[in-house]
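Remarks on the structure that follows.
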Amino acid sequence: MTKLTDLNIASARDGLNAGDFSAAELAEAYIQAMEAGRDLNAYITESPEVALERARQSDDRRAKGDNLGAMEGIPIAMKDLFCTEGVLTTAGSHILDGFVPPYESTVSANLRSAGAVMLGKANLDEFAMGSANITSYYGNVKNPWSVNAGKDLVPGGSSGGSAAAVSGGLAMAATGTDTGGSIRQPASFCGIVGLKPTYGRCSRWGVVAFASSLDQAGPMTQTVQDAAIMLGAMAGHDPKDSTSAPIDLPDFEAAITGDVSGLTIGIPKEYKMDGMDAEIVALWDKGVEWLKSKGCTIKDISLPHTKYALATYYIVAPAEASANLARYDGVRYGLRVPGESLDDMYMNTRGEGFGDEVQRRILIGTYALSSGYYDAYYIKAQKVRTLISNDFKAAFADVDAILTPTAPSAAFGIGENQDDPVAMYLNDVFTVPTSLAGLPGISVPAGLSSAGLPLGLQLIGKAFDEGTLLNVASALEDAAAFNFKPGKEG
């Protein structure tokens, strides 16, 4: 019999429906895996009691013949950016010490209503600011593929704990959030599927905010079909979030037909950059051939303002972060470091509570928003953002999806690039434009580097057309036939 921790959502659903095992047995298997895999530091908080209670409730619903949800009995990790009622929520930061929310985020509530079983809260870069999961107050996360590399590798970020948990068999699936690539880049580094939905598809209510016009929750899974199942359970209009889109929720799993013949796939010339890693270029070329073999038409396109995307992002995101993080002052919750005056208390608390990267981005953002510089930086960045979005709108008049690499490299060693913030920011060079335009993007594991590490390809879709995106991603997944696991191949 297949090990329970080797199952994906779709196969576990079949096994639960057939009575081959119970949700409690599934949860027990993952709790043991979680304990055995603590060296990865993928979880900040493990919640085995919560998992077992919800698993037993799921088994009871099944025994009574109640209506079952799409994620019934499925054990998942929750990125520790989602507020979870009665369970510690840290955002990977010292400043939220001891914060136990009295409420549940909409996304985690939707998943719970769909029957999902929360195993714990996954580690992340502090306040989701990072591309390597090295800025968490709770320590670095290790990529499970470190076993293949013979040295400790980063899992990508900021959803590195979620990616490591899924890749390492410590959760069947996980939630992530993506502001500039924080689902797709770690998915690529860890050899799993990561989907950033269209901005507005999933509610942001109860998710600790980084950059409000960019943040979007999404699934991190083993397969494209699993991503479709989980997205259907996470998404939906939420009146508590004014940016949540009031549109019908399609059946994403049913949209995966396997037939992509006749679709046109765009290849943006601006993503072919000088000095690109030859392995990344070769994998991209393979992706083109795979989709051609599935009956797609390939079309060269231009996204002329791509070269401004990273600079634009690093004005818009820190500016919004500086505003969002102003609320952490030690008064109502979290860390409080006393001082001789109220101002001293604020300074002591924020100085000790925020890590270096968060402080760097608050300073950049505050500068960009300050009097005399607001028009020169923030307003100009917003105008360029509109141009980037218009590039995509023009391209999607002729194509159904766009194919690019997900990241410019495979996972790198912990400590590498750590002293060079700009080098670290370049990890998101292929994912940031999609985020600025609010479009859906998915990373699909497509091959191994010469060092035996996973590499992903990114597909970008039209706004609120995740169905087509998932269908093309499934075709790409089928052609790539990526079936490698960390520690077993490479």
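The values are calculated or read from the model by the stated rules, or taken from the named source; none is laboratory data. The model shown is predicted, which means the values in this text are computed figures rather than measured ones. Please note: Cβ atoms are built from the backbone with ideal geometry, for glycine as well, and neighbour counts cover all protein chains shown. Just the protein is used for accessible areas: all its heavy atoms, side chains included, with ligands, DNA and RNA removed. Shrake-Rupley method; radii C 1.70, N 1.55, O 1.52, S 1.80 Å.
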Region 24-85 - percent of accessible surface contributed by carbon and sulfur, probe 1.4 Å: 43 percent
Summed residue charge, Cβ within 12 Å of Arg112's Cβ, Lys/Arg positive, Asp/Glu negative: -3
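What is region 247-365's relative contact order, in percent, from Cα pairs under 8 angstrom and six or more apart in sequence?
Relative contact order comes out at 24 percent.
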Of the DSSP H helices in the chain, those whose Cα atoms cover at least 18 Å axially and whose Kyte score averages -0.5 or more: 23-36, 278-293, 309-324, 356-369, 380-395, 466-480
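For region 325-443, just say rounded, prolate or oblate: build the C-alpha gyration tensor, square-root its eigenvalues into a ≥ b ≥ c, call rounded for a/c under 1.5, and beyond that prolate if a/b exceeds b/c, oblate if not.
Since a/c reaches 1.5 and a/b is larger than b/c, the shape of region 325-443 is classed as prolate.
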Heavy-atom accessible surface of region 386-425: percent carbon and sulfur, 1.4 Å: 51 percent
Theoretical gain in end-to-end length, Ala323 to Asn390 [0.36 nm per residue, Cα-Cα removed]: 21.4 nm
Considering only the chain, percent of DSSP beta bridges that pair antiparallel, nearest 5: 65 percent
Per residue, the convex hull volume that the Cα atoms of region 254-370 enclose (Å³): 192 Å³
Local electrostatic count, Lys79, Cβ distance below 11 Å [Lys/Arg +1, Asp/Glu -1]: -2
Whether region 202-328 is rounded, prolate or oblate, judged on the alpha carbon gyration tensor where a/c under 1.5 counts as rounded: oblate
Tail fraction, Cα-Cα pairs, the chain, threshold 32 Å, whole percent: 35 percent
Euclidean distance between Cα centres, region 1-74 to region 420-467, Å: 29 Å
Carbon + sulfur, % of accessible area of region 151-249 - ligands and nucleic acids excluded, 1.4 Å: 51 percent
Whole-number percent relative contact order across the chain, with pairs defined as alpha carbons under 8 Å at least 6 apart: 17 percent
Net charge contributed by nearby residues that have their C-beta within less than 15 Å of His305 (K/R +1, D/E -1): +4
Spin-label pair Tyr103/Asp274, simplified geometry with 7 Å Cα→Cβ offset, distance in nm: 5.1 nm
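Mind checking the per residue accessible area of region 216-320 for me, 1.4 Å probe, whole number of Å²?
On a per-residue basis, 44 Å².
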Cross-link pairs beyond the 29 Å C-alpha cut-off, checked among Lys3/Lys121; Lys240/Lys462; Lys196/Lys292; Lys121/Lys294; Lys272/Lys383; Lys151/Lys292: Lys121/Lys294; Lys151/Lys292
Whole-angstrom gap from region 329-407 to region 210-240, using each part's C-alpha centre: 22 Å
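Sorted by accessible area with a 1.4 angstrom probe, largest first, how do Arg201, Arg56 fall?
Putting Arg201, Arg56 in descending order of accessible area: Arg56, Arg201.
Nothing charged except the Cβ atoms of Lys and Arg (+1) and of Asp and Glu (-1): what's the magnitude of the dipole of region 176-311 about its Cα centre? Round to the nearest 20 debye.
The calculated dipole for region 176-311 is roughly 220 debye.
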Relative contact order, percent, region 206-264 [alpha-carbon distance under 8 Å, six or more residues apart]: 24 percent
Rounded, prolate or oblate (a/c below 1.5 giving rounded, otherwise prolate when a/b exceeds b/c) for region 388-431 by Cα gyration tensor: oblate
Average accessible area per residue (Å²) across region 13-73 - probe 1.4 Å, nucleic acids and ligands excluded: 51 Å²
